[in-house]
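The values are calculated or read from the model by the stated rules, or taken from the named source; none is laboratory data. In this text, all values refer to a predicted model and were calculated from it rather than measured experimentally. Neighbour counts run over all protein chains shown; Cβ positions are idealised from the backbone, glycine included. To get the accessible areas, we keep the full protein, side chains included, count just its heavy atoms, and leave off ligands, DNA and RNA. Shrake-Rupley method; radii C 1.70, N 1.55, O 1.52, S 1.80 Å.
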Amino acid sequence: MVTNDKGAIELKHSVIEKLARLQWADNLNEETMKNICYEISPGPHATWRCCVYKEREILKWRIHLSMGLDANPRKPHKNVIQVIEPACEECPLSTYTVTDNCRLCLGKACQNSCRFGAISMTETRAHIDPNKCKECGMCASACPYGAIAHLVRPCRKPCPVNAINYDENGICQIDEEKCIRCGQCIHSCPFGAIASKVYVIDVIKAIQEGKEVIAMCAPAIEGQFGKDITMASVKVALKKLGFADMVEVGLGGDMTAAWESAEWSEARKEGKKVTTSCCPAFINMMMRHFPDQFHNNMSETVSPMCAVSRYLKATHPGCVTVFIGPCMAKKSESKEMNIEGNADYVLSFGEMQAMLRSKDVELEPVLDEYQEASIWGKSFASSGGVANAVMECMRERGEDTTGIKLRKCSGGKECFTALTLLKMGKLPEEFVEGMVCDGGCVGGPSKHKTEMEIRKARQELLDQADDRKVLQNLKKYPMDKFSMHRDGSMSMVDLGPDQ
């Protein structure tokens, strides 16, 4: 997959793999970590930046993040997504700039439209004073030649909540109070200057300590590595790595759909609008930007990741649960939301691969037909999948779902618009499915391929799933042994008649 940050991602995964190899060998210490900087940037000539000294400084910060630490130990952050300051550079500070298309015309439409005196004329073209410019865009609209370009720094462009700012030196800063931890900025930066904390070393240490470490793989993994790499393939590879077992989180999708559907049914009777609770970036958006709607309209059901983690902790006391998926916000859900029984650690697909390489383990086709989730739970990964599964559970209970109005939001902008309408009391739909990543989880920032690239392989894998019903599937699991609510309260829902 060609991406804006291909080189940066390769560098990140190289660092993780080297650290993991050292940890497996019980040889991870200050000296060996320092050696990594010299292995990747040996000198005397720089490989990818201006000099080896800058390269090594960037690597030092990246190693900190790859150890699950703050990028800069002198500046602790709550956010799992952080800026590698030495890597942030060379992006234009001025949002509006005059291009060579400027004809220095007599009309001076740009200058006349500016109410802040920011535009002057030089001998060759108009000039915008960045200290006076208020970034209103009137000059760009007025120019008859389209000679004024609107330049948005790539890290700021995908942020749906305007959480990216810059200091006096132009270094990117993330507003922790606004940031929803979606991670879209990470893969937008062509310098690799934004990254997340990585917990590979913590997971390896837990395995080495003899703990029962169980992986939980997101439904989005199906299709990421081609049609021959099934959930069973991933399970076999992870067990070779040292995991005690692996469970597909699509099972948690079934669990969440069953409990959330009961909430939706009750809300319909009360005339109350409800949102889903699966996407942690969407939850962060509600918490930080729409607090009243978070308290009044968000489903109280836990996410599929949390549901499977609680199930495993109830049936395997003392186990360590590790979620693997394409989502950065899941790291926030695990470490920042303080939801009891949630995943202990979260790894991205790329981090999982780096971990596999550290022990020379490869993903290979296997004959085992492993399935724990219904097709509805597996479909949680795609936009509309959550709502469809919830509606399926309502139908399985015999409820008439005709006439229900759903709003399926795909992408941060659509989510923000829906919540704004909800806040204003102008949302026409009864229920909102919020997924901050375009296309749903399959479009997560740490996806291995684009949604278009994986669509065919993913569909072939989903076509192999049996037609089990959601509620009947859950009868095989001890749903009375753990809570499906964020506050930990216990309640059972109707799983339908025995068949």
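Taking interchain pairs and intrachain pairs at least six residues apart, which have beta carbon atoms under 8 angstrom, with the first residue in the range 114-139 and farther than 13 Å from Leu104 by Cα and modelled with pLDDT of 95 or more and the second among the aliphatic types (A, V, I, L, M) and exposed (fewer than 15 other Cβ atoms within 10 Å of the Cβ)?
Going by the 8 Å Cβ cut-off, there are no qualifying pairs.
Restricting to the range 250-264, name every residue that is polar (S, T, N, Q) and out of contact with any strand residue (DSSP E or B) (no Cβ under 8 Å at 6 or more places or on another chain).
Ser261
Which residue is surrounded by the fewest Cβ atoms within 10 Å (Cβ to Cβ), if the candidates are limited to the range 94-118 and must be in contact with a strand residue (DSSP E or B) (Cβ under 6 Å, 6 or more places away or on another chain) and farther than 23 Å from Tyr166 by Cα? If you could, list the steps in order and put the result at the bottom.
Of the residues in the range 94-118, the ones in contact with a strand residue (DSSP E or B) (Cβ under 6 Å, 6 or more places away or on another chain) are 96-99, 102, 110-111, 118.
Next, from what is left, pick out any that are farther than 23 Å from Tyr166 by Cα: 99, 102, 110-111.
Details: Thr99: 13, Cys102: 19, Cys110: 26, Gln111: 17.
Here the answer is Thr99.
Leu356: closer than 26 Å to Glu451 by Cα, of a type in the set (A, V, I, L, M, F, W, C) and open to solvent by less than 10 Å² (accessible area, probe 1.4 Å), yes or no?
On the way: closer than 26 Å to Glu451 by Cα: yes; of a type in the set (A, V, I, L, M, F, W, C): yes; open to solvent by less than 10 Å² (accessible area, probe 1.4 Å): yes.
When the stated conditions are applied, Leu356 passes them.
For (1) in contact with a helix residue (DSSP H, G or I) (Cβ under 8 Å, 6 or more places away or on another chain); (2) over 24 Å from Ser446 (Cα atoms), each residue gets a yes or a no:
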position	(1), (2)
Lys239	no, no
Met255	yes, yes
Val302	yes, no
Val308	yes, no
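Being modelled with pLDDT of 90 or more, open to solvent by 50 Å² or more (accessible area, probe 1.4 Å) and assigned to a loop (DSSP other than H, G, I, E, B) is the filter here; which residues of the range 439-467 pass it?
Gln464, Asp466, Asp467
If Phe380 meets every condition in (1) in a loop (DSSP other than H, G, I, E, B); (2) in contact (Cβ under 8 Å) with a residue 24 or more places away in the chain; (3) within 30 Å of Arg156 (Cα to Cα) apart from one, which number is that one?
Phe380 satisfies all of (1) in a loop (DSSP other than H, G, I, E, B); (2) in contact (Cβ under 8 Å) with a residue 24 or more places away in the chain; (3) within 30 Å of Arg156 (Cα to Cα) except (1).
Please note which helices (runs of 4 or more DSSP H) are completely contained in the range 258-345 and include at least 2 residues that are of a type in the set (D, E, K, R).
The helices (runs of 4 or more DSSP H) meeting that bar are 304-315, 329-335.
For every residue, the table says whether it meets (1) basic (Lys, Arg); (2) surrounded by 17 or more Cβ atoms within 10 Å (Cβ to Cβ); (3) under 30 Å from Gln208 (Cα atoms).
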{"residue": "Leu19", "(1), (2), (3)": "no, yes, yes"}
{"residue": "Thr47", "(1), (2), (3)": "no, no, no"}
{"residue": "Glu57", "(1), (2), (3)": "no, yes, no"}
{"residue": "Met67", "(1), (2), (3)": "no, yes, yes"}
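Assess whether Glu399 counts as being buried (at least 16 other Cβ atoms within 10 Å of the Cβ), out of contact with any strand residue (DSSP E or B) (no Cβ under 7 Å at 6 or more places or on another chain) and more than 27 Å from Cys182 (Cα to Cα).
Numbers: buried (at least 16 other Cβ atoms within 10 Å of the Cβ): no; out of contact with any strand residue (DSSP E or B) (no Cβ under 7 Å at 6 or more places or on another chain): yes; more than 27 Å from Cys182 (Cα to Cα): yes.
Considered against the rule, which asks whether it is buried (at least 16 other Cβ atoms within 10 Å of the Cβ), out of contact with any strand residue (DSSP E or B) (no Cβ under 7 Å at 6 or more places or on another chain) and more than 27 Å from Cys182 (Cα to Cα), Glu399 comes out as no.
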